[in-house]
Each structure stands twice: as structure tokens, then as C-alpha cells.
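The values are calculated or read from the model by the stated rules, or taken from the named source; none is laboratory data. Keep in mind that what you see is a predicted model, and the values were worked out from it rather than measured. All Cβ positions, glycine included, derive from the backbone under ideal geometry; neighbour counts span all protein chains shown. Heads up: the accessible areas ignore ligands, DNA and RNA and are worked out on the full protein's heavy atoms, side chains in. Shrake-Rupley method; radii C 1.70, N 1.55, O 1.52, S 1.80 Å.
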Amino acid sequence: MTIELYHAGVSVCSEKVRIVLNERGQEFVSHQLDLRGGDQQKPEYLKLNPNGVVPTIVHDGTVLIESNVIAEYLAEVLPGPSLTTNGPVSRAQMRVWTKQLDEGIHQLTSVISFAIGFRHQLLAKPRDEALMVLNKIPDPFRRERQIDVYEKGVDSSHFAPAILRFEKMLGDMQASLEKGPWLAGKDMSLADIAFTPYVNRLDQLQLAHMWDTRPKVAAWFETMRNRPAVKLAYDGWMVKPVIDTMRDKGAEVTPRVKQILAR
Ligand SMILES: N[C@@H](CCC(=O)N[C@@H](CS)C(=O)NCC(=O)O)C(=O)O
């Protein structure tokens with residue numbers, strides 16, 4: 001069996017799929033895309049993933065897109081302990097978690113990552129070059145929003161609501177983990193795997209203070225980030241200048257974020 005993964009090192013959705021593959025001990029053929037350079041918009045890639053995003057997997061010739069769908073697929077076809085819980089009720093709960101990512105949290109991760117960190121990679125390029133990549137984003141709503149965030153950073157009107165949505169997400173996680181021990185109940189599941197890259201991104205952006213008063217979230221994140229499969233999904237894939245920019249610019253905007261949270 002061959003699994004090819006089209007992904008990016010620093011990409012929450014790609015990280016999610018790498019964690020699942022590692023949990024299963026599954027090797028993969030890696031095709032890394034440069035997202036700021038627009039590799040995801042090249043015609044040959046759009047044939048695999050018409051949305052112009054990563055990740056995509058090709059499993060023995062079958063093309064699959066959408067990271068949560070890919071994660072469930074891999075959990076089903078690759079042998080190993082259940083990652084989709086041990087019962088229909090907790091499986092339904094697991095999906096209530098994962099669908100939240102597709103219904104907003106993922107897009108808002110893009111907003112805060114760009115507003116705080118990624119836009120600086122684009123600002124370092126000539127403006128027309130940066131806009132050429134942004135103008136090719138296939139989804140018109142996402143395109144307009146990303147251009148706004150590229151132009152205005154944390155002053156974009158999309159920034160504060162995004163921070164407040166993460167505040168709600170962390171509150172919901174704390175409440176579930178109090179019952180826990182895992183997000184979807186008594187089994188570690190794809191819900192825990194899927195949320196790890198998002199909480200990790202908040203950490204990379206210096207937003208870990210958002211769980212200072214949420215001990216269950218803090219303990220869960222510590223457990224998740226120390227899983228060998230999670231470590232392996234990060235080791236060697238992170239791009240140091242990108243991580244450094246998220247850290248440095250994240251520290252600069254901390255007072256602004258605290259002001260939003262105090263409103
Ligand atoms: N719902 C999709 C979202 C994929 C997505 O937005 N991927 C980001 C990286 S995490 C991407 O490829 N961005 C490139 C772009 O927006 O041009 C999934 O879960 O796979």
C-alpha cells in the first residue's frame with residue numbers, strides 16, 4: 001500500500017493528517033507545497049484538490065481531500081486501536097467536535113495566523129507578487145478576507161471576533177475535559193488529534209495565556225503534545241523562520257489580544 005501526502009510543514013490541517021498517519025505507524029511519500037509561493041494553485045495540484053488547499057492524500061491511486069474526512073478514512077483503513085471511539089454516542093460527540101473546525105475554527109485560525117504571523121512573509125515580497133497568490137484563492141469569501149488580513153493585520157475587523165471564538169472554543173474544551181478524560185468522553189479519539197494542531201497554533205502565536213485559567217486544557221495539551229505520534233508530526237516539518245515570526249509578532253500583539261479578551 002502506498003500513501004502519498006500533499007501537505008505543508010506549517011499547516012494545521014496537514015499536521016492533523018500527519019498525526020493520524022504516525023499514530024498508525026504508516027509511512028508516506030511526502031510532497032511538500034510552498035503555500036506562500038502558491039504551489040497549491042498550480043494547475044497540476046488543482047486537478048487533485050480543486051479547492052487549492054492542503055492536505056490531499058493519494059492512497060493506491062484514490063485521491064482524497066478534506067483533513068477531517070482523510071483522518072476518519074485513515075483511521076478506518078489502517079490497522080490499529082480505534083481512533084473513532086468505542087461507541088456510536090461518543091462517535092457522534094467526536095464529530096460534533098471535528099465539524100466545528102470545518103464550520104469556522106479552521107478559517108479563523110487562518111485569520112489569526114495571517115494577522116499575527118504569516119502576513120509578514122508576504123509583506124517581505126513585492127505587493128503585486130503577494131496579491132497574485134492571494135487573488136488566486138478559489139473561494140471568493142476566503143480570498144477577500146485573506147486580502148483584508150494581509151493589508152491590515154490585527155487591525156482587520158476579522159481579528160477580534162476570531163480571538164473571541166477561540167476563547168469560546170477553549171471554554172467548551174475545559175467543560176468537556178472536566179467530564180473527560182478526553183474531548184469525546186472516555187476514549188482518546190480523532191477529536192483530540194484534530195484539535196491538537198489548533199491549540200498548538202495558539203501556543204505558537206503566544207496565546208497560551210488563554211488557558212492559564214483552564215487547567216484541564218493545559219493538562220490535555222501537555223499530554224497530546226508529548227505523544228510520540230504528535231512529536232513526529234512536528235519534528236523536522238517546522239520551518240524555523242515562520243515559527244520565529246509567529247513567536248516574536250505574537251509577543252508584540254499580546255497586549256492587544258488581552259484588551260480584546262477583557263472587553
Ligand atoms: N477544510 C480543509 C481546509 C484546508 C486548508 O484551508 N488548508 C490550508 C492550510 S492549513 C491551505 O492549504 N491554505 C492555502 C491557501 O489558503 O491558499 C481541510 O480540512 O482540509
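Things worth noting here:
- Failed item, numbered, when Ile163 is tested on (1) at positive phi; (2) touching a residue at least 60 places away in the same chain (Cβ under 8 Å): (1)
- Which numbered condition Val96 misses (of (1) assigned by TED's automatic domain parsing to the domain that holds Pro197; (2) away from the ligand (no atom under 16 Å from the Cβ); (3) over 30 Å from Pro140 (Cβ atoms)): (3)
- Boolean, Glu129 is under 23 Å from Gly37 (Cβ atoms), in the same structural domain as Gly185 (by TED's automatic domain parsing) and not aliphatic (A, V, I, L, M): yes
- Residues located in the range 127-166, provided they are under 26 Å from Glu252 (Cα atoms) and outside any helix (DSSP H, G or I): Ser156, Ser157, His158
- Options Ser14, Ser82, Ser67: the member that is touching a strand residue (DSSP E or B) at 6+ places or on another chain (Cβ under 6 Å) and either among the polar types (S, T, N, Q) or away from the ligand (no atom under 12 Å from the Cβ) (or both): Ser14
- Top-ranked residue in the range 220-240 [being touching a residue at least 60 places away in the same chain (Cβ under 8 Å) and β-branched (Val, Ile, Thr); ranked as farthest from Ser176 (Cα to Cα)]: Val239
- Subset of the range 143-171 (residues that are of a type in the set (Asp, Glu) and either open to solvent by 50 Å² or more (accessible area, probe 1.4 Å) or in contact with a Cys (Cβ under 7 Å, 6 or more places away or on another chain) (or both)): Glu144, Glu151, Asp155, Glu167
- Output for the range 133-175, where each listed residue is of a type in the set (A, V, I, L, M) and closer than 30 Å to Gly185 by Cα: Ala162, Ile163, Leu164, Met169, Leu170, Met173, Ala175
- Residue count, the range 178-191 (criterion: buried (at least 24 other Cβ atoms within 10 Å of the Cβ) and under 16 Å from Pro228 (Cα atoms)): 2
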